[in-house]
Amino acid sequence: MSDSDESNTGPHYQYVHLRLKYRDKASAVRTKLRALGIDNGRILDLHYPTRGVVSILIHKDYFSTLTSILEKHELQPIEDFNPLDICNLKDPALASLTVEEKRAKLLELHQTRLCRALQFIRPYLKGLISRDFIQQGWLTPDQVKNTLTSTTPKISTAPATNPSPSQLINDPSQ
């Protein structure tokens, strides 16, 4: 299998993780990233997997551009960040859980964040990103199906009623 074959079958989307001093609204983080020169249209999701870390979903083809922009501003992505590492469970209310219970809770939180992300991702990208999430083992096909069917707007089957120009002129109520 050639490298180009692998690039076509491997994940097409990835999360880049950055350290933040404090949690801010996603819109404020997007504004700051835009000020650095990062194209917000290339940021598909942005969420906080733990205190002090923001995760940014991008297409893998944008990775080198993103990292070069970050390096210009002396910002380094966290290369070995694992959102499922139990050290990322910072809630004191969950401190009494066993290691296995903490892992299960982290997986639940991670999957919840990914399902929420799918709800806000552009409709034409949802299928591709969902496939990547499944391929990477982050979500199951059933989770994706439930998320996409619960968030996909229903398309009306009623015929469109577009008034003619003469109707618009003669009938001011339209």
Problem - J(HN,Hα) series, the stretch 36-49, from Karplus relation 6.51 cos²θ - 1.76 cosθ + 1.60, nearest Hz, glycine and proline x - result: 6, x, 8, 6, 4, x, 8, 8, 8, 7, 8, 8, 10, x
Practice task
Amide H neighbours of V53 under 5 Å, at least 5 residues apart or on other chains, H built in the peptide plane: list them.
Solution key: L20
Fill in the blank from the handout: Per the rule of 0.36 nm per residue minus the C-alpha distance, extending L97 to N146 adds in nm 14.8 nm
Exercise for the section: Over all alpha-carbon pairs of the stretch 78-156, lay out the pair-distance distribution in 5 Å bins, whole %, shortest bin first. Expected result: 3, 14, 22, 19, 15, 13, 8, 3, 1, 1
Handout entry: Label point distance in nm, Q111-L36, each placed 7 Å from Cα along Cα→Cβ
Key = 3.1 nm
Fill in the blank from the handout: The set of residues whose placed amide H lies less than 5 Å from the amide H of Y13, leaving out same-chain residues fewer than 5 positions away, is K60
Exercise for the section: Highest first, please rank the peptides 11-19, 122-130 by the mean number of other Cβ atoms sitting within 10 Å of their residues. Expected result: 11-19, 122-130
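Values quoted throughout were computed directly from the atomic coordinates according to the rules given, and no laboratory measurement underlies them. Note that the structure is predicted; figures quoted are calculated from it, not measured. Here Cβ is always computed from backbone atoms with ideal geometry, including for glycine, and neighbour counts include all displayed protein chains.
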